[in-house]
Amino acid sequence: MRRKLVAGNWKMNGSLASLAELDGIGAAADARVDVAIAVPATLIASAAARASFPIGAEDVHAADSGAHTGCISAGMAKEAGAVFSIVGHSERRQGQCESDADVKAKAEALRRQGMDAILCVGETLEQREAGTAEAVVTGQVRASLPEGAGGDWLAIAYEPIWAIGTGRTATVADVEAMHGAIRATLAQLLGPEVASALRLLYGGSVTAENAAELLHARDVDGALVGGASLTAAKFAPIIAAGAAA
Ligand code: PGA
């Protein structure tokens, strides 16, 4: 039985003042569901000191150290208090030109530090309309899956790019079909037993209104939530939906 994970992603939002939201989010935590939030690097230490649930980074560099101005390593994020990081978010794949190989290396850097990873995949609207969504997404899974995948440390988040921050969500049928395809790909790569233990999250305009339906969908083991993770008022009902699912 896979435990549900409701994870937030604050992106380039938040300040020391907004960490007060973590108190309300912690109060909404439920023993039946895992809760985690990825925050900007500048907030990791304060957030980790304050939160009663795991705090993560939104990205890390693939290298352990070196001449990479402006980047932070997995070990640095860990020292600050992060226990996981998102890797391969579409805003980094697109905005920072990150390749599948980069994403794989970043996940492996987290693994070296004993940290967890949420590895994101997802197609563009053009790819969905062209009928290539499944091939694109399973291709990303194949090419970005880290060595040592399997077990609790890795979750995969399916986030259709056209659903992120747009208020548009994929239909339950689309999500179930894609998660099924991802799980089948993982079974080919890792064997059915390991694949069936990996958590698959859905992300893209998850809100209090649609969370219950999405979290009940077949092969959906949690949610990766952007905008609605910024306040306890919006995030708490999603946690509750995860606990009930
Ligand atoms: P959103 O973002 O919930 O604001 O659509 C999701 C994400 O990018 O992880």
(request) Output the DSSP H helices from the chain with an along-axis C-alpha extent of no less than 20 Å and a mean Kyte-Doolittle hydropathy no less than 0.0. (result) 172-190
(message) With a cap of 16 neighbouring Cβ atoms within 10 Å, and only residues DSSP puts in a loop, list the GluC sites (Glu not before Pro) found in region 156-223.
(response) GLU209
(message) Can you classify region 36-154 as rounded, prolate or oblate using the Cα gyration tensor, where a ≥ b ≥ c are the square roots of its eigenvalues, rounded means a/c under 1.5, and otherwise it's prolate if a/b beats b/c and oblate if not?
(response) prolate
(message) Only four residue types carry charge here, +1 at the Cβ of Lys and Arg and -1 at the Cβ of Asp and Glu. Report the dipole size of the chain about the Cα centre in Debye, rounded to the nearest 20.
(response) 300 debye
(message) Using Stokes-Einstein with the Kirkwood hydrodynamic radius over Cα pairs, what translational diffusion coefficient do you get for the chain at 25 °C and a viscosity of 0.890 mPa s, in µm²/s rounded to a whole number?
(response) 139 µm²/s
(request) State, to one decimal in nm, how far the label point of ALA184 lies from the label point of THR231, with both points 7 Å from Cα in the Cβ direction. (result) 4.2 nm
(message) Quick check on the chain: of the DSSP beta bridges with both residues there, what percent are antiparallel, nearest 5%?
(response) 0 percent
(message) Suppose each label sits 7 Å from its Cα in the direction of the beta carbon; what would the ARG218-GLU79 distance come out to in nanometres?
(response) 4.8 nm
(request) Against the globular-protein guess of 2.2 N^0.38 Å, express the Cα radius of gyration of region 148-214 as a ratio, rounded to two decimals. (result) 1.19
(message) Can you give me the C-alpha center-to-center distance between region 158-206 and region 24-39, rounded to a whole angstrom?
(response) 22 Å
(request) Sequence neighbours fewer than 8 away in the same chain don't count; with that in mind, list the lysines whose C-alpha is under 17 Å from LYS106. (result) LYS78
(request) Return the distance in nm (one decimal) between the two label points of a simple spin-label model at ARG168 and GLU193, each offset 7 Å from Cα along Cα→Cβ. (result) 4.2 nm
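Quick note: the coordinates plus some simple rules give every number you see, no bench work behind them. Predicted model, so just to flag it, every value in this text is computed and none were measured. Using ideal geometry, Cβ is built from the backbone for each residue, glycine included, and neighbour counts are taken over all protein chains shown.
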